[in-house]
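Presented below is the structure to which this report refers.
Just so you know, all these numbers are worked out from the coordinates, no wet-lab data involved. As the structure is a computational prediction, the values presented were derived from the model and not from experiment. With ideal geometry, Cβ positions are generated from the backbone for all residues, glycine too; neighbour counts draw on all protein chains shown.
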Amino acid sequence: MKKFGLATSTILTASLLMIGAPVAFAQADDGEIIVTAQKREQALQDVPAAVSVVSGEDISPAVATVDQLLTTVPTLNFRRGGTPLDSSLFLRGVGTINFSIAAEPSVSTVVDGVVMGRAGEAFGDLYDIERIEVLRGPQGTLFGKNASAGVLNIITQRPGAEYGGTLSLSAFEGNEIRGRFAVDLPFSETLRARVSGFAGQYDGNINNLFDGDPINGYERWGVRSVVEWEAAPNLTWTFIGDYRRTFDNGTGEIIGTSPTAGANQAALLSLLSGVRLAGDETREVRHNLISQSKEDGWGLSAQADYELANGMTLTSITAYREWDIYGIREGDWLDRPAAYVGNAFAQLHDYGPQSNTTFTQEVRLTSPGDQPLQYVLGGFFYSADATRTFTRDVTVCSATTLAVNGTGLAPCAPGFSTFVSGSSSATFGSEFTNWAVFGDASYDLTERFTLLGGLRFASDELSVFHDRTPSLVALPGIRTDTTGFRDSTDATNVTGRLGVQYDFTPDVTGYATYSRGYKGPAYNVFFNQTAQQRNVIEGEDVDAYEAGLKTDLFNGGLILNAAVYRAEYSNFQANSFDTLNGVVITRLTNAGEISSTGFELDAIVRPTDALTFTGGVAYNDAQIERFRAADGSLSSARAGERIALAPEWKYTIAADYLLEPANLPFTVRFNTQYAYTSEQFSDLGINPALRIDSFGIWDAQVTFADVEDRFRVSLIGRNLTDESFASLITPGGPGGALRYQIPREADRYYGVSFQTNF
């Protein structure tokens, strides 16, 4: 295709915010960035989709997790859940907050060509990454049913042709320490390997007044091995194996507002003694059970690339993954069992394991890249099994000999009171099976005019089960019935795209596309589910329209890209808040119809070889067109209101300057970045109590490196203005209080990183 053949709305910010080293991902001979967003190697400027690229250099050392990456791509949002299972990605205002074991994301996460079952499976630590490609908008043709809003395509580093490696150590405030390594092992001209790994720990930024220890920290480590074998001149095998273990100490969730429980408010405030209830500025909790999650995950994949005599390439990717999680959750948010007589302040403690296995197989045929007609034909198979056991222990105080105090309630204490306990468990699971055939093509009618098209047929089968061990006594948050069920559903769907591109000049290109995306059916399977809530949630459809203009002027001195889009979703799968057995839950439902309309503008300005300015702005109007509330839903959403976690404005501006003193044996690199996010809401509709205020994050970094890039020392500052913010606000705290989720990036901190290349 032509060098400037397609107008992608591209953010290259990350590729320019490097710390004194060459670009870490593949480049063509002329310096163009090579990506695989269309499942073939192409120059980024030739990809017929809106794509942002983040280089591996920008992920280390200051960035370790995907939520720290958000400032780089304005259209990307990430919501960290109570466990990694519940974490969700959002693109252009659309995503799924997903607690059900039988539902899938709207933004697909793909690592080295392998589809992850959940976004959280890929984000233990971002280490040894070559690049991350963010594909915005529906990607149903090439990536399938769980890409109705977009794709996060992660490509890890490949083995080098020479012995060598890198080692980095980083230390940040809060006793946060990270270490990473990578070693290239070329055994021969045809066989080479790369071994990499990471380890890190962080105490946390939330103080638990119950024992004085911090929470919201982590302990993580993992390894990855990549082996490339050129078995024949036209056959290459790539084998990848990885393992990681993660312990997350808390979820960053705090009680940020005063209880609203009327006569019980004073009692609740006394139980929260010492906690400064200051919204997103709160940094204290009182928990006698520490919410945490323990993960073990591993996977194996084998990719074969066979070059046929006619120039076509046959590719096969086979992968198997396992992901096990054990979660513990503080459900009452207080530090003592049943402090008063009655059920209002019952103690709720939740725990249990979940196991996940996935198997995927993809086969595709790719045409040569130097012909007017280019195409990719393929088939895909996906099988995923998940089983979860969830147990809730409840303790209430039924009687006491202690006198009523100033709160108006009778306090309870061991030795003076009678405590009643109950427990209920549920084991539930899901099995997804999907197969698809697809084709995608472009055809150059003339040197300037190109037609684009693609089609995918998919078949889905989903089965679920739910078994319950009931409580012997009726207590808040648990049930005494033995209701269980088994159910299944299936569906077929056709997705695709049509588009055109026109090169006005070699440096200015316009494009327009229509695409249809799809997300498969689901069930709302969770702990306290009743037989009445077992109805199937229909598949989600999206029709998306996009047009754009892309320019590359003054020999790369000015790059300016613009895109406008509109996406219309029907049967939108969304969570809304609800109550069940006296406990606030989230319920997945077909919420109705939504739309996402907006524009994106990205710019790169290079006044000199040493100085680069980059920026990106995204406007998004994601709103409800027609709303269907689930029975019992607490949501008051109406047509015309905004959808959850969809800020109207996001922008990023950055500067990068390289100083190369003539008389000194080292270079100095300065870079700084400011990222702004406007207000957003945690639930469907405009509920003022669940509004996340706008915030801006300013980061800066200075790096010293010897001229041969053998050693680097970086001084890092994150959130320099100490801007506090919440990534999520939810009901369900004691006495009607609101819970705030506080990320690591909500506090200012500094760090230093040392890296050696050998």
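For a quick check of your reading of the filter: which trypsin sites (Lys or Arg not before Pro) in the stretch 79-187 sit in a DSSP loop and have no more than 14 other Cβ atoms within 10 Å?
Taking the stretch 79-187 and a limit of 14 other Cβ atoms within 10 Å, no loop trypsin sites (Lys or Arg not before Pro) are found.
Positive end of the charge dipole of the chain (Lys, Arg +1 and Asp, Glu -1 on Cβ, about the Cα centre): tell me which of Asn208, Ala737, Ser724 has its Cα farthest that way.
Ala737
Rounded to whole Hz and in sequence order, give me ³J(HN,Hα) for the stretch 555-561 from the Karplus expression 6.51 cos²θ - 1.76 cosθ + 1.60, θ = phi - 60°, writing x for Gly and Pro.
6, x, x, 9, 10, 9, 10
Set the Förster distance to 41 Å, then compute FRET efficiency between Leu169 and Thr433 from the Cβ-Cβ distance, nearest 0.05. Display every interim value, and only then the final one.
Numbers: r = 45 Å, r/R0 = 1.09.
Efficiency, from the Cβ-Cβ distance: 0.35.
Hand me the tally of lysine pairs in the chain: alpha carbons under 27 angstrom apart, and the pair either on different chains or 8 or more positions apart.
Taking the Cα cut-off of 27 Å, the pair count is 10.
Quick check on packing: order 443-454, 238-249 by the mean number of other C-beta atoms within 10 Å, highest mean leading.
My ranking of the peptides, most packed first, is 238-249, 443-454.
Would you compute, for the Cα atoms of the stretch 394-552, the largest minus smallest coordinate along each principal axis and list the three values in descending order, in whole Å?
90, 41, 20
Over the stretch 409-555, what is the mean sequence separation of C-alpha contacts under 8 Å (at least six apart), divided by residue count, expressed as relative contact order in percent?
Relative contact order comes out at 21 percent.
For Asn535 and Glu322, what is the calculated FRET efficiency with R₀ set at 22 Å and r taken between the beta-carbons, to the nearest 0.05?
0.10
Let me test this: with uniform point scatterers at the alpha carbons of the stretch 454-508, what is the Debye-based log₁₀ I(q)/I(0) at q = 0.27, 0.30, 0.31 1/Å?
Log10 I(q)/I(0), no solvent term: -1.04, -1.10, -1.12.
Tell me, what ³J(HN,Hα) does each residue in the stretch 328-342 have, in order and in whole Hz, if you take phi through Karplus 6.51 cos²θ - 1.76 cosθ + 1.60 with θ = phi - 60° and put x for Gly and Pro?
Once θ is set to phi - 60°, the couplings for the stretch 328-342 become 10, 9, 7, x, 9, 6, 10, 10, 8, x, 6, 6, 9, 5, x Hz.
Calculate one ³J(HN,Hα) per residue across the stretch 207-221 by plugging θ = phi - 60° into the Karplus curve 6.51 cos²θ - 1.76 cosθ + 1.60, and present them in order as whole Hz with x for glycine and proline.
Using θ = phi - 60°, the values come out as 9, 8, 5, 5, 10, x, 9, x, 10, 6, x, 7, 9, 9, 7 Hz.
What base-10 log of the normalised intensity I(q)/I(0) is obtained for the stretch 399-478 from the Debye formula, alpha carbons as equal point scatterers, at q = 0.13, 0.16, 0.18, 0.25 Å⁻¹?
Reported log10 I(q)/I(0), two decimals: -0.75, -0.87, -0.93, -1.13.
Of the listed values (i) 44; (ii) 31; (iii) 35, grab the one calculated as percent of Cα pairs over 41 Å apart from the structure here.
Structure-derived value, by its label: (ii).
At q = 0.20, 0.22, 0.32 Å⁻¹, what is the base-10 log of I(q)/I(0) for the stretch 696-738 according to the Debye formula with one equal point scatterer per Cα and no solvent? Please give it to two decimals.
The calculated log intensity ratios at q = 0.20, 0.22, 0.32 Å⁻¹ are -0.76, -0.80, -1.05.
What percent of all Cα-Cα pairs in the stretch 315-449 falls in each 5 Å bin, counting up from 0?
Distribution as computed: 2, 8, 12, 10, 8, 7, 7, 7, 6, 6, 5, 5, 5, 4, 3, 2, 2, 1, 0 percent.
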